[in-house]
Structures are given as C-alpha cells and as structure tokens.
1. List pairs: first residue in the stretch 200-212 and assigned to a helix (DSSP H, G or I), second residue not polar (S, T, N, Q) anywhere in the structure, Cβ distance under 6 angstrom, at least six positions apart or on different chains.
2. I need the full set of residues from the stretch 62-102 which are under 13 Å from F11 (Cβ atoms), out of contact with any Leu (no Cβ under 7 Å at 6 or more places or on another chain) and outside any helix (DSSP H, G or I), in order please.
3. What is the number of the single condition among (1) within 30 Å of Y152 (Cβ to Cβ); (2) buried (at least 18 other Cβ atoms within 10 Å of the Cβ) that T93 does not meet?
4. Assuming P190 fulfils every condition listed in (1) at pLDDT 95 or above; (2) surrounded by 15 or more Cβ atoms within 10 Å (Cβ to Cβ) apart from one, which condition is it?
5. Spot the failing condition for L176; the list is (1) aliphatic (A, V, I, L, M); (2) open to solvent by less than 50 Å² (accessible area, probe 1.4 Å); (3) over 25 Å from the mean Cα position of the chain (by Cα), and only one is missed.
6. Out of E160, E131, I need the residue that is open to solvent by 30 Å² or more (accessible area, probe 1.4 Å) and part of a loop (DSSP other than H, G, I, E, B). Which one?
7. Tell me which residues, restricted to the stretch 166-191, are more than 14 Å from W127 (Cβ to Cβ) and of a type in the set (G, A, S).
8. Within the stretch 163-172, identify whether any single residue is closer than 28 Å to D7 by Cβ and in a strand (DSSP E or B), and answer yes or no.
Amino acid sequence: MVCMGCDIHGFIECRRSYRDYENDSYWHAAINLDHLNDVRDYDAFGCLFGVRNDFGILNDEAFEPLAAARGLPHDVSKRVRDLYEDHEGHSATSISWAEVEKVDWDELSLQPDPYVHEHRRNADGGWQFYERHFGVPQAFLDLCGCPEDIAYRAGLHFPEGTEWPDGDRLFRIGRLRRKDVVRPGGQWEPVWTVMRTLAGLHGNEAVRLVVWFDS
C-alpha cells in the first residue's frame, strides 16, 4: 500500500462585531495559512489536529490532539468555505486563540517516541532536550551496541527511560512534549503571532484558525 502525502490548508479568521448592530457579527477571512506556514509536519498535525497522529509507525495515537475532527464551522466565511470546497479537503477543524493560549505545551505524548532523543547538559548541570534523531548517530550506535536497523527506531526495542550517557550528552528513550513538536519560535510561531495580534484588537474568542487537509 502506498501512503500518500498529506498537506495542511487553512485560514485565520477574525470575527468583526459592530456595536450599533447587535446581530451584525460575522467571520472575516484574515490571512491564508499558506503565507505563514506551509510545512508538511505530521507530528505537529497530530499534536494539534489529530491528523497523522501516530509518529509515522504506531497504531495508537501519539498525542491527545488539541482540536480534532470538529468539522468546518457552520458560520465559516464564504471565502474559506469556497477554498475548502475547491481543495476537496478532509479532517476540517478549528481552534480559537482562547484555546491556544490555554495549551499546556509541556504535556507529554501518549506514547513513547520511537526515535531516540539527545539531551545536552545545561549550565545548571541538568539535562536539556536538544534533538530528536530520525537518523542514527554513530555515537549512539557505539553506545547501544545494536544493529543500525534496530537503533533507527530504538523506542520500539528498548523500554521507556532507557539511557546511554556520553559525557555532556545523553541519549534517551522517552516521550515528547507538545513544545518539542510545535516549538516556540518554530514554524508555527508566525501563525500564533498573527492570531495573538488580532486577539489583542478583537478579543481571544474572536480569532480562530480553520484548517483542513488533503492527501
């Protein structure tokens, strides 16, 4: 079976409400997601929206998604609805800025990550997450003493919490935090910045991200 690629599409919407007309409140398509983030990142898709939420190989969910399968909002702007229909998308959902602001980015994944994590010693002498290895560093191969095909997805073969110290760095099998896949200052930061700015003008509940996927 061939696994098709999956891309994200969407819009940040803002609700404009006029004080003089109590019922005149509508959602406006503010900016296309393509202008802010068009990266194919399945771990982030899973963490945020429950799409490809399996670390690529596991049958169980990797994260408890923040906003999965909510559907296209009933009051979505015409521009966004038309774009969604043009794409013939699936897995439509939405999330408000109020919800994003409440996210616990330190929350752990539901399953251990199949890929080995590298930690580096920080100034306080503790260990700090540094990198998630999709390949197999030679240093890790030397430490674990297992064949490369096993070391490639070590989390499937070693118990959670297994560690291999290597001086000022440490290789470890463990779980990911939300902020390890949706990193502060990373590819989602432009999206959050625009939503935060609009929320400052119109309110947290008046700004939302509407997304869908194709595959």
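1. Going by the 6 Å Cβ cut-off, the qualifying pairs are H202/C14; N204/W97; N204/A98; E205/A98; A206/R15.
2. Selection gives L72, P73, V76, S77, G89, T93.
3. Of everything listed in (1) within 30 Å of Y152 (Cβ to Cβ); (2) buried (at least 18 other Cβ atoms within 10 Å of the Cβ), T93 misses just condition (1).
4. That leaves (2) as the condition not met.
5. (3)
6. Details: E131 fails: part of a loop (DSSP other than H, G, I, E, B).
Of E160, E131, the one residue that is open to solvent by 30 Å² or more (accessible area, probe 1.4 Å) and part of a loop (DSSP other than H, G, I, E, B) is E160.
7. Correct list: G185, G186.
8. Quick first cut of the stretch 163-172, residues closer than 28 Å to D7 by Cβ only: none.
No: the stretch 163-172 contains no residue that is closer than 28 Å to D7 by Cβ and in a strand (DSSP E or B).
The values are calculated or read from the model by the stated rules, or taken from the named source; none is laboratory data. Here the structure is a predicted model, which means the values were calculated and not measured. All Cβ positions, glycine included, derive from the backbone under ideal geometry; neighbour counts span all protein chains shown. Note: accessible area is taken over every heavy atom of the protein model, side chains too, but ligands, DNA and RNA are not part of it. Shrake-Rupley method; radii C 1.70, N 1.55, O 1.52, S 1.80 Å.
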